[in-house]
1. I want to check the label-to-label distance for Glu32 and Gln81. Put each point 7 Å from Cα in the C-beta direction and report it in nm to one decimal.
2. What ranking, highest mean first, results for peptides 19-26, 82-89 when packing means the other Cβ atoms within 10 Å averaged over each residue?
Amino acid sequence: MTTVEKVKEIVAEMKQLHLWKTETPAWVTDYEKGMNSPPDFSGWLQFIFLPNCLLEIKERPVALQAKQFFGSDLGKGKLLQLLIELDALY
C-alpha cells in the first residue's frame, strides 16, 4: 500500500467519525489565534500532518500522538490503527 492510499483511508475514517472539518480553522492561517485555542489533534492531522505526509515530510510517528489525544475513546480505534499502518510505511 502506498502513502497516498493510506492517507485516503485515514481521511475516509475521519469523515465517518465526523472529525473532518469543512472549514479551515483560524489557527491554520493565523498562528497567533491558535495560541489561545485548546489542542485540536484532528485539525492538526487534517491541515498539517496529512498534507505533509503527501509531501513525504515526516518528523516523528503520529500514532503515539493520536493515542495521547484520543486516550481511551474506543470509537477512534480504527483511525488509530490506520495511523499506525501509515507510520509503518516510513
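Read the figures in this text as sums done on the coordinates, not as results from a lab. Remember, it's a predicted structure, so these values are computed and weren't measured experimentally. All Cβ positions, glycine included, derive from the backbone under ideal geometry; neighbour counts span all protein chains shown.
1. Taking the two extended label points, one gets 4.6 nm.
2. Working: 19-26: 12.0, 82-89: 17.1.
For the peptides 19-26, 82-89, the packing ranking is 82-89, 19-26.
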